[in-house]
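Everything on this sheet refers to the single structure shown next.
The values are calculated or read from the model by the stated rules, or taken from the named source; none is laboratory data. As the structure is a computational prediction, the values presented were derived from the model and not from experiment. FYI the Cβ positions are ideal-geometry reconstructions off the backbone, even for glycines, and counts take in every protein chain you see.
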Amino acid sequence: MRTNPLSNEQIVNPFETRWIRPDAMEYIPSKIRAESKLPALLDKVLNSASSWEIIGPHGVGKTTLAHSLCRIAATRCIPTELIRCGQVPFSEIRRCLQLPGQLTILDEFEQLRWWHRQRLRHLAKRGRVRFILIAHQSQGFPLLTNPQTDLKTLQSIVKRLQANQGFNEVVSLADVESLMAQHGRNFREVLFACYDLFHQRQIKNRQ
């Protein structure tokens, strides 16, 4: 993942990791879908006794959405915990799920061992735990949302990232369309490609 410019001279690149990490960006729902706004999604979770799942392929913004939900929950003084299942012992996951009143989001749910996933399904079915899971394919829970990336939304994000660092459209809307054609709807890969394109053009402009 890109973090630093490639030349000896420091160049601010608005697509550096520090600005495109899931916990650094605000999730923007697709403009072509009738997707609920984030506060409504959070209300849906809080007003239900069910566990929920966020499903989608790589790079469409699932984890970014989860971080945005956590920020909204924090404004309501609701404790939250976003856990990357592949990096945390199952005992710690169980401990977090037992904390009363906490919103727990389990990212990388498919990284758990099969019997751990089964254990959580069993506990959720009996109403002993409640959580939101993030996965690439359905795990048998009610669907909260399935994030998707469309061209207009992605163009808006790329434009905003550049404006936040004081740049005009070094990477243009047409560039974004071309990169999306190359990388499909993998939002993450498009931003990585924007990093490279931005850097190439800034180096060229300084020569």
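Tabulated results
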item	result
Odd one out for Gln148, checked against (1) modelled with pLDDT of 95 or more; (2) surrounded by 17 or more Cβ atoms within 10 Å (Cβ to Cβ)	(1)
So Val170, is it in a helix (DSSP H, G or I) and closer than 25 Å to Arg201 by Cβ	no
The range 116-152: number of residues that are touching a Phe, Trp or Tyr at 6+ places or on another chain (Cβ under 9 Å), part of a helix (DSSP H, G or I) and not aliphatic (A, V, I, L, M)	4
Test for Arg113: is it modelled with pLDDT under 95 and out of contact with any Leu (no Cβ under 7 Å at 6 or more places or on another chain)	no
Where His136 falls short, out of the listed (1) assigned by TED's automatic domain parsing to the domain that holds Ile93; (2) modelled with pLDDT under 95; (3) within 17 Å of the chain's Cα centre (by Cα)	(2)
Count of the range 98-133 residues which are under 22 Å from Leu41 (Cβ atoms) and within 21 Å of the chain's Cα centre (by Cα)	13
